[in-house]
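Here the structure comes first, spelled out in structure tokens, and everything after it is commentary.
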Amino acid sequence: MSRLEIILTAILTFSLLLNVGLMLYARGVIVRLLSVSEELGDLQQMINSFAVHLKSVYELEMFYGDETLASLLEHAASFNEYLGTFEYIYSLTEVEEQGETPDGDTEPEEDEEEAE
């Protein structure tokens with residue numbers, strides 16, 4: 001082998017290793033991003049549920065007009081609105097939650113996943 005062939009082979013090998021490494025890194029980052037997206041979506045749903053529940057408790061005759069509950073209700077609503085600013089993150093996984101994966105396969109039901 002000539003010196004040029006050796007240099008080109010070394011550069012090609014280095015380039016292939018670098019590309020494979022970058023692909024693995026990018027895949028890991030995307031997996032983590034989707035995981036965070038799902039968790040933020042779940043957090044948004046829990047806070048929504050909490051705000052609705054708190055509002056129903058506040059509207060009970062026994063607690064109606066309570067300043068502490070009113071303040072807590074306002075705080076929950078403002079926190080829910082603030083979390084809405086992150087919708088672009090947790091909306092990344094909404095397509096998958098509709099029952100299909102990006103490659104067209106249907107996802108197993110939640111009960112089947114929990115049983116495993």
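Rule-based calculations on the coordinates, nothing more; no lab input. A quick note: this is a predicted structure, and the numbers were derived from the prediction, not measured. All Cβ positions, glycine included, derive from the backbone under ideal geometry; neighbour counts span all protein chains shown.
Data table
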quantity	calculated
Pairs with Cβ under 7 Å, 6+ apart, first in the stretch 39-52 and in contact (Cβ under 8 Å) with a residue 40 or more places away in the chain and within 21 Å of Y88 (Cβ to Cβ), second among the hydroxyl-bearing types (S, T, Y) and surrounded by 12 or more Cβ atoms within 10 Å (Cβ to Cβ)	L40/Y90; G41/Y90; G41/T93; Q44/Y90
Any helices (runs of 4 or more DSSP H) falling wholly within the stretch 46-99 and containing at least 3 residues that are loosely packed, with under 13 Cβ neighbours inside 10 Å	67-84, 94-97
